[in-house]
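Note sheet for the following structure.
The values are calculated or read from the model by the stated rules, or taken from the named source; none is laboratory data. Here the structure is a predicted model, which is why all the values come from computation and not from measurement. Cβ sites come from the backbone with ideal geometry, for glycine too, and all protein chains shown count toward neighbours. Just the protein is used for accessible areas: all its heavy atoms, side chains included, with ligands, DNA and RNA removed. Shrake-Rupley method; radii C 1.70, N 1.55, O 1.52, S 1.80 Å.
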Amino acid sequence: MPDPSTYRPKPGEIPLDPGVYRFRDQHGRVIYVGKAKSLRPRLSSYFQDITALHPRTATMVTTAASVEWTVVRTEVEALALEYSWIKEFDPRFNVKYRDDKSYPFLAVTMGEEFPRAQVMRGAKRKGTRYFGPYGHAWAIRETLDLLLRVFPVRTCSSGVFRRASASGRPCLLGYIDKCSAPCVGRVTPEEHRAIADEFCEFMSGNTNRFVRRLESRMRDAAADLDFEQAARLRDDIAALTKALEKQTVVLGDATDADVFGIADDPLEAAVQVFHVRGGRIRGQRGWVVEKESEDLPTLVGHLLQQVYGDADTVPKEVLLPVLPADAEATREWLSGLRGAQVDLPVPQRGDKKTLMETVTRNAQQSLARHKVARAGDLTLRSQALQELQEALDLDEAPLRIECYDVSHVQGTNVVASMVVFEDGLPRKSEYRRFIVRGALAEPGDDPATIDDTAAMREVLGRRFRRYLEEAEGAGDLDLQAGIVGEQPVRNASRSSIEPGAGDEEQDGTRGGPIDPDTGRPRRFAYPPSLVVVDGGLPQVNASQAVLDDLGIEEVALVGLAKRLEEVWLPGQDYPVILPRTSEGLYLLQRLRDEAHRFAITFHRQRRSKAMTSSALDGIPGLGPGRQKALLRHFGSVKRLREASADDLTSVRGIGPALAETVVAHLAGATPEPAVNLTTGEVLE
């Protein structure tokens, strides 16, 4: 991890002018873009005592490897340049605005020869006018269906338009007068564009002019005794009125504003914006933001950049809960985008204050929904870890939890799994799989039918012996004569620990620090804060005995029994009962289920392989080619078992050492020392 002092610029090198700065990582990627009224004090603030920085900022400066800056003339220029660089580089440490859902817009493609009105989502396109966003696509279609009586703009796709032009017959909307049918020449391109312009003007909020015009025409038609035309105009007025009634009147008719509401906690913030045009709420939109710092004005400033950087129009007013940190520069920037003055008021009373409270309530509900829906929510994870700390009487929250499970069928193909959760989230690169062969079982246990308790003793013994080995830096220890549970370790035909990379969900990486001697990752260098075993009091007591014999006192141990989901502690007569709604219990259940899934997957792989395996499989140095040569020479495995080492050397490719290994393997004894019982690696 880079040290900020290694790339800190000298204070005299940093100018006092306004500007924009970029932090880059060791690969040259831009990870943060910021602006400043004066670059020197702003950049110097990043290189103070790292413990005084916000955690996100501290992570950023320790990730970065260099910093550079660009001087501009004014704060407004810095604001514009910062936005363009954020858009270009998408820095990972800048605030990200994610929609809490995908909102549809009513779009009119004014860039086409015959503009089309349609529902559109996603990125905005050049030459297209957007209205909304709306809460639901059906709301757009319902409004559009009403307005097509008065503004018969084209709504068909390009394919339908071309087919109608080729056949000379309009679609159904053309026959019922809800489309002016430019495809068959019923109107000219100029006349159709005029209809689209009026439609856009009505959607922009200039509604009274169109209603008054239709009322005047209706009265004229009635005066001329053209009652049929007057009735059609009456229905057109009713359609416009109904479309207007669908949008709540909240402010004065001339009000053109966006109203922002924010609800936040120490980690995240939910933002809601109501788009008010002509005094009516035309649409609503929301984001969930990971807070960069505790400074709400800074967050508001970044929010306005993201919302209006690509906007086609900027309203007259932007109502905010608090002013941005650089309010004057932001106001000037927005005014330049709009081409007229933009106000940034903070409502204190009246209708605007009431509307602001409504938007804020929507933001609060949005934040609550987000927390419930997001499985990896930071607040819920912190709550779960805190609940476990309190319920299990731990000194600190269990930031690293390991869970173990054993899987077998009637004692055959016994395997175990170790899954790791860090900060309440799975750390799959740390998952491990164990092949259990009874190496650490009690005397007299049959390795082929070892029970769950003995298997758990073996697995935990191997895992924590390896941890002690890594911690002491002793290299490969001869564990053949080790003691676990006051019982000597017996040799096994083979015993191994495998990383979790074989699982279908793994990326193949291995966690942990690198061994400087071998260059390979140390698999068990980190101790857990908490160990969870799948089972009740017997499994817990057996596991605790292993930890006690190894002298490991800093690791807490619990068992989770499935029947009543009770939590067992070593040596306790009664379990700890967590509430069914407890986030801590939910985290333990996720751990147990993930360990069970991982163990079952490995067991199925082992069982499938065993059904197609040969007695010659697994002999070190005996590959498929040499196996075939031996079987061709001796005819069967039975005759091969009866042969001596000298007989085997008569086969091409089989030397004396390999012959001795084959004979010993088929006789059921492995020459010592052949296998490291902690790693399963064959010793040279």
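Stretch Leu337-Lys562 to full length: gain in nm at 0.36 nm per residue minus the Cα-Cα span?
Residue separation times 0.36 nm, minus the Cα-Cα distance, leaves 74.8 nm.
State, to one decimal in nm, how far the label point of Thr188 lies from the label point of Val322, with both points 7 Å from Cα in the Cβ direction.
5.8 nm
Which value, in Å² rounded to 10, gives the accessible area of Thr649 with a 1.4 Å probe and all protein chains present?
Solvent-accessible area, nearest 10 Å²: 60 Å².
Above 14 Å lies some portion of the pair distances; for the stretch 553-601, what is it as a whole percent of all C-alpha pairs?
Working: 664 of 1176 pairs.
Percentage above 14 Å: 56.
Between Ala629 and Asp220, what is the label-to-label distance in nm when each label sits 7 Å out along the Cα-to-Cβ direction?
Spacing of the two 7 Å Cα→Cβ label points: 10.5 nm.
Distance in nm between label sites at Ser204 and Ser167, each 7 Å beyond Cα in the beta-carbon direction?
3.7 nm
Using a 1.4 Å probe and ignoring any ligands, DNA or RNA, find the accessible area of His633 and quote it in Å² to the nearest 10.
Its accessible surface works out to 100 Å², give or take rounding.
Between Glu660 and Gln605, how high is the FRET efficiency from 1/(1 + (r/R0)^6) when r is the Cβ-Cβ distance and R₀ = 35 Å? Nearest 0.05. Intermediate values should be presented prior to the final figure.
Working: r = 31 Å, r/R0 = 0.89.
Between Glu660 and Gln605 the formula returns 0.65.
When all protein chains stay in place, what accessible area (Å², nearest 10, 1.4 Å probe) is found for His27?
My reading of the accessible area for His27 is about 130 Å².
What do you reckon, how do Met203, Met110 stack up by accessible area (1.4 Å probe), largest on top?
Descending accessible area places them as Met110, Met203.
So which of Lys35/Lys428; Lys126/Lys178; Lys37/Lys87; Lys35/Lys126; Lys124/Lys428 end up more than 32 Å apart by C-alpha?
From Lys35/Lys428; Lys126/Lys178; Lys37/Lys87; Lys35/Lys126; Lys124/Lys428, over 32 Å: Lys35/Lys428; Lys124/Lys428.
Using θ = phi - 60° and the Karplus form 6.51 cos²θ - 1.76 cosθ + 1.60, what ³J(HN,Hα) does each residue of the stretch 6-23 get, whole Hz, x for Gly and Pro?
Values, residue by residue: 6, 10, 5, x, 5, x, x, 7, 8, x, 8, 6, x, x, 10, 10, 10, 9 Hz.
How much net charge surrounds His633 when only the other residues with a Cβ under 12 Å from the Cβ of His633 are counted, with Lys and Arg +1 and Asp and Glu -1?
Summing Lys/Arg as +1 and Asp/Glu as -1 gives +4.
Any chance you could run the full-extension gain for Asp145 through Ser38? It's 0.36 nm times the residue separation minus the Cα-Cα distance, nm to one decimal.
33.1 nm
Give me, ordered by chain and number, the residues 5 or more places off Leu557 or on other chains with an amide H under 5 Å from its own placed amide H.
Val531
Please arrange Trp69, Trp85 by accessible surface area, largest first, computed with a 1.4 Å probe and ligands excluded. Show your work: numbers first, answer last.
Details: Trp69 75, Trp85 35 Å².
Largest accessible area first, the residues go Trp69, Trp85.
As an exercise, use a Förster radius of 35 Å and the Cβ-Cβ distance of Arg73 and Arg125 to find the FRET efficiency, rounded to the nearest 0.05. Show your work: numbers first, answer last.
On the way: r = 33 Å, r/R0 = 0.94.
Once the sixth-power term is evaluated, E becomes 0.60.
If each residue of separation counts as 0.36 nm, what is the full-extension length gain between Tyr175 and Asp3 once their alpha-carbon separation is subtracted?
Result: 54.6 nm gained on full extension.
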